[in-house]
Structures are given as C-alpha cells and as structure tokens.
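S.K.: Structure incoming, see below.
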Amino acid sequence: MRILIVSGYFYPHITPRSHRTTELVKAFSRQGHEVVLLIPEFEADYTQFLIKHKGVTLKNILTHYERQFLSSDSRWSILLKRIVGLLFEYPEIKYYFTLPKVLRKESGYDLLLSIAAPHSIHWGVMRSMKKKKKPAKKWIADCGDPFMFTPLLNKPHPFYFKYFEKSFCKKADYITVPLESAKAGYYPEFHDKIRIIPQAYDFDEVKIKTPYTPNKIITFAYAGTFIKGTSEPGPILDFLINASVDFRFIIYTKQQGLFDKYISLLGEKIVLKPYVDRYELLFELSKMDFLLAFEFTTTIIIPSKLIDYSLTRRPILSIHPQKMDKEKFLQFLKGDYSQQTVINNIENYNITNATKQFIALAAN
C-alpha cells in the first residue's frame, strides 16, 4: 500500500505527536508498505533512519511554525504572541495556506494520514481534497487531543474556528482518536466517522530494568510538560517541602524555570533532567519506585504518559495537583502502592495493532 503521512512533528522531537508519527512510519515500513513522509525542515540527519527503514521517502519540505516570531521577551511581546495565537492560531495557521501547494504535487496514494496537533495540518489537507484530484483514495485525520472542545485551555478557541474543524471533519473519510470518551470532544454530526486507535509503541524496543530493586531512598519521577492551570508543579512541591519523608523527585522537563524557587528549599530531594529519547526514558523510569502522573478534570483526554508509565511496570500515582489527595501521596512515599493506577489491556497499545487498524480503514 502507498501511504502519505503529513505531520508537524517527527523524530528527534520529543512530543506525543512526534512519537505517534515516528512509530507509525517505522511500523508501516516493517510491514512492507511504501511510505512518503511530509514534515517540516528539522535540523536532523535522517540518513541512518532511512537506511534502516526501507520503503520510506522523507520530504522535509514544510516549514516548522512555532510561536517564536517575536524575539523579544518583553511583557508586550509575550502579550502580543498570546493574542495573535489565540485569535488567529498564528503561526500554525500557515499550514492552512502552504499545505495545499505541497500536496498538489502528490498523487496516487492509497492512504493519506494527517497527524495533529497542530490541527491546521488537517485544515491544510482539507483544502487539497478536491473532487476531481485527490492525493489519496482515503484520508484519515488522526487527532491526539480535540481542538474546539479541548479542556486544556483557560480560554476556548474563538467560535469561527468551528468552521475549519467542521470542514475537515466533513471531508475526511475517518477521524481517529486515542480513546472512546474522546468522541465527546468533537461535533456530534461527525461521531460516525470517529474510530479509536490508541497511542502505540514498538514493544520490541521497550527495555526495562529487571528485576526491580527498591531504591535506598524512595525515588519517584515525572516526565513531560507542565500546563498552567491544569498540571502546574507548585502545589505538589509545596506539599513535598513539608513532607516528613526523605525522597528523591526526578523531573524530566524543559521548563526548568518553574523550579527556581524550589531548588534551594528542597535541595538534593529534587533533581531536574533534560528530555531524553523515548525508549531511553522508559528504561530510566523503570528504575524508580513509583511514577507521578497528573489527572485531568475531563474524560475527553488521557495523558499519553500513562501508557509510557505502564510499560515500565512501576506503580503509578495519579493525582490532580489542584485537588491533591495528600494522604494517598504520603502512602506512596512510604512504599504503599495499593492505590496505584492500572492501565488494562496493554496489548492494545502495541504499534502492530495500531497499523493494522489504519490499513483496515484504508482498505474499507
């Protein structure tokens, strides 16, 4: 099968959407499909990747749009970025205008798979799906989180973006989301197009430390992004300052500035580390006594890191940082994991199963 994948992120970026794209490309290649990948012009050498994964053609001919169009970090510049981003989805909205020009040169595919976020990837693909000339026989729009009904924003997207969302949902043959409850994040008239294909991994690449041996000082970790108003670290760190238990809290993050005032207060109890490769991270996390995850106040989305954590076979402490169950946290700090979060049917997250589902939809 000839597959065209369009994504705003790819290896070596460390984001959920980069992981999604990378794992699918690798798995389709292993299964003998011909894959053409359209991604932005990242500064990366893909020579070895292309040698290892046969049948993959990489066209990094898009522009990577980030909200760095103003170099100044002044208060006014930051405010302007937020306003322009909120009102116009700038600069990601540029995909809406640039993608049709790129896709006009592509044709003869069995499947076009567009991967969001940003959702403007779908909007740009939508504009290329003309009746007389389409790049592919089937178009599947893969969504990590919803757009118009996302619960992660303090302010909702302006109402006029619903026309972009409804237009792409109308033209796509299928819309794929990671879990059943995510359907509530989309307009009801398109629910019949939605299929569930979870986040997935190549289980053969997952290596963990076995057997697990408890750390001399209880050690736990968090890996990922902190979101204002949803998963801010402050309440947890304030709680830990007064905890009468010795511990080591290891945090893999790019937002190290959030912890400036806590370094002196917690000292060696808190350890900040940069992001690392996904599979390297899983191995490191498998050395922990337990792992920390943040709950959302919605069932529309589920943190993808819960799947990552489950693969390490370490107990998961899932809490809401703003409504923290302190007693539950203390139990974990004392080695009592009876209230750990468990992800069932882990085989559903095997990348082999995910690609089979996409192929079945394309052939339908």
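S.K.: With the condition kept exactly as written, say whether any residue in region 164-172 is buried (at least 17 other Cβ atoms within 10 Å of the Cβ), in a loop (DSSP other than H, G, I, E, B) and modelled with pLDDT of 95 or more.
M.R.: Yes, there is a match, as at least one residue in region 164-172 is buried (at least 17 other Cβ atoms within 10 Å of the Cβ), in a loop (DSSP other than H, G, I, E, B) and modelled with pLDDT of 95 or more.
S.K.: Does region 73-117 hold any residues that are of a type in the set (F, W, Y) and modelled with pLDDT of 75 or more, and which are they?
M.R.: F88, Y90, Y95, Y96, F97, Y109
S.K.: Looking only at region 185-202, count every residue that is exposed (fewer than 14 other Cβ atoms within 10 Å of the Cβ) and over 16 Å from A141 (Cβ atoms) and tell me the total.
M.R.: Adding up the residues that qualify gives 1.
S.K.: Another question, then. Has region 345-364 got at least one residue that is at pLDDT 90 or above, in a loop (DSSP other than H, G, I, E, B) and either exposed (fewer than 14 other Cβ atoms within 10 Å of the Cβ) or touching a helix residue (DSSP H, G or I) at 6+ places or on another chain (Cβ under 6 Å) (or both)?
M.R.: So far as region 345-364 goes, no, none of its residues is at pLDDT 90 or above, in a loop (DSSP other than H, G, I, E, B) and either exposed (fewer than 14 other Cβ atoms within 10 Å of the Cβ) or touching a helix residue (DSSP H, G or I) at 6+ places or on another chain (Cβ under 6 Å) (or both).
S.K.: Quick one: count up the residues across region 327-336 that are loosely packed, with under 14 Cβ neighbours inside 10 Å and under 14 Å from L292 (Cβ atoms).
M.R.: 0
S.K.: Sort out which residues of region 144-181 are among the small types (G, A, S) and touching a strand residue (DSSP E or B) at 6+ places or on another chain (Cβ under 8 Å), and write them in order of number.
M.R.: Hits for region 144-181 are G144, A172.
S.K.: Have a look at H13, H19, H33 and point out the one that is more than 24 Å from Y96 (Cα to Cα) and either over 17 Å from the mean Cα position of the chain (by Cα) or at pLDDT below 95 (or both). Write out each step before concluding.
M.R.: On the way: H13 fails: more than 24 Å from Y96 (Cα to Cα); H19 fails: more than 24 Å from Y96 (Cα to Cα).
The match here is H33.
S.K.: Cβ-Cβ distance below 9 Å, separation of 6 or more or different chains: which pairs start in region 166-178 with a residue that is over 15 Å from S120 (Cβ atoms) and end on one that is hydroxyl-bearing (S, T, Y)?
M.R.: I175/Y186; V177/Y186; P178/S304
S.K.: So Y212 fits all but one of (1) under 27 Å from F294 (Cβ atoms); (2) crowded, with 16+ Cβ neighbours inside 10 Å; (3) of a type in the set (F, W, Y); what number is the exception?
M.R.: (2)
S.K.: Sticking with this structure for a sec: Being among the hydroxyl-bearing types (S, T, Y) and free of Cβ contacts under 8 Å to residues at least 60 places away in the same chain is the filter; apply it to region 212-261 and report the residue that is farthest from H19 (Cα to Cα).
M.R.: My answer is S244.
S.K.: Among the residues of region 89-108, are any among the small types (G, A, S), in the same structural domain as E34 (by TED's automatic domain parsing) and either in contact (Cβ under 8 Å) with a residue 24 or more places away in the chain or touching a Pro at 6+ places or on another chain (Cβ under 7 Å) (or both)?
M.R.: yes
S.K.: Can you list residue pairs whose Cβ atoms sit under 9 Å apart, with the first residue in region 122-137 being in a loop (DSSP other than H, G, I, E, B) and the second being of a type in the set (D, E)? Count only pairs 6 or more apart in sequence or on different chains.
M.R.: Final answer for the pair search is P135/E106.
S.K.: Considering each of T150, T98, T176 in turn, give the residue that is part of a helix (DSSP H, G or I) and polar (S, T, N, Q).
M.R.: Exactly one of T150, T98, T176 is part of a helix (DSSP H, G or I) and polar (S, T, N, Q), namely T98.
S.K.: Further question on the same structure: Of the residues L103, L113, which single one is crowded, with 20+ Cβ neighbours inside 10 Å, among the hydrophobic types (A, V, I, L, M, F, W, C), under 22 Å from Y9 (Cβ atoms) and in contact with a Ser or Thr (Cβ under 7 Å, 6 or more places away or on another chain)?
M.R.: On the way: L113 fails: in contact with a Ser or Thr (Cβ under 7 Å, 6 or more places away or on another chain).
It is L103.
S.K.: Quick check on my filter: what residues within region 307-323 are among the basic types (K, R) and either under 19 Å from the mean Cα position of the chain (by Cα) or surrounded by 19 or more Cβ atoms within 10 Å (Cβ to Cβ) (or both)?
M.R.: Of all residues in region 307-323, those among the basic types (K, R) come to 313-314, 323.
Answer for region 307-323, where residues must be among the basic types (K, R) and either under 19 Å from the mean Cα position of the chain (by Cα) or surrounded by 19 or more Cβ atoms within 10 Å (Cβ to Cβ) (or both): just R314.
The values are calculated or read from the model by the stated rules, or taken from the named source; none is laboratory data. Note that the structure is a prediction, hence the values are computed from the model and not measured. Glycine gets a Cβ as well: all are built from the backbone with ideal geometry, and neighbour counts include every protein chain shown.
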